[in-house]
Amino acid sequence: MTRPLADRDSAEWWAALADHRLQIQTCQSCRTHRLVARAMCAACRSFDWEWTEASGEGTIVSWTVSHRAYQPERTAPYTVVFVRLAEGEGLLLPGGWSSDAAPSVGMPVRAEFEDVPGEPPAALLRWEPVTD
């Protein structure tokens, strides 16, 4: 399976996923949460931020079904969902779909993690429907 490539801004995010934790950046000046990871806050232009633990819960805003396998180890068709995190309106994350049930807009979901073989440890974000 293709391994994720971390850069300067996303290395800690990928490390948290490998530990099966979902983190988001939070500005220390204005407390705005942000994704994707970047050096400067778009709200107040501060360079002071920290990683904070996210709940891993959200709702589906969109999805797509790919009928073409873009990686040799992936079989088609597969579904990718786009999720709005519970922590904020602008926090949108894609991820694989981990259910036989059809996704729908507004469906509550929670994060899960798919380990990627190899070293160092790595994981990809996936989403499953909340059933309780």
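The values are calculated or read from the model by the stated rules, or taken from the named source; none is laboratory data. In this text, all values refer to a predicted model and were calculated from it rather than measured experimentally. Quick reminder, even Gly has a Cβ in these numbers, built from the backbone with ideal geometry, and neighbours come from all protein chains shown. Ligands, DNA and RNA are excluded from the accessible area calculation, which covers all protein heavy atoms including side chains. Shrake-Rupley method; radii C 1.70, N 1.55, O 1.52, S 1.80 Å.
Rolling a 1.4 angstrom probe over the protein heavy atoms with all chains in place gives the chain an accessible area of 58 Å² per residue. The 3J(HN,Hα) values that the Karplus relation (6.51, -1.76, 1.60; θ = phi - 60°) gives for region 29-44 are, in residue order, 7, 10, 6, 6, 7, 8, 9, 7, 4, 7, 6, 10, 6, 6, 7, 10 Hz. Gly and Pro appear as x. Of all stretches in the chain that contain no GluC sites (Glu not before Pro) in a DSSP loop with at most 15 other Cβ atoms within 10 Å, the longest one is 1-72.
The mean of 1/r over all pairs of different alpha-carbon atoms in region 14-85, once inverted, gives a Kirkwood hydrodynamic radius of 14.5 Å.
The loop-placed chymotrypsin sites (Phe, Trp or Tyr not before Pro) in region 30-73, going by DSSP, that have at most 13 neighbouring Cβ atoms within 10 Å of their Cβ come out as Phe47, Tyr70. If you run the Gaussian network model on the chain, springs between alpha carbon atoms under 10 Å, then out of Leu17, Leu85, Leu35 the most flexible one is Leu35. Close amide H pairs (under 5 Å, H built 1.01 Å from N) link Thr32 with Cys27, residues at least 5 positions away or on another chain. Using only side-chain charges placed at the Cβ, +1 for Lys and Arg and -1 for Asp and Glu, the dipole size of the chain relative to its Cα centre rounds to 500 debye. Normalised by 2.2 N^0.38 Å, where N is the number of residues, the alpha-carbon radius of gyration of the chain equals 1.09.
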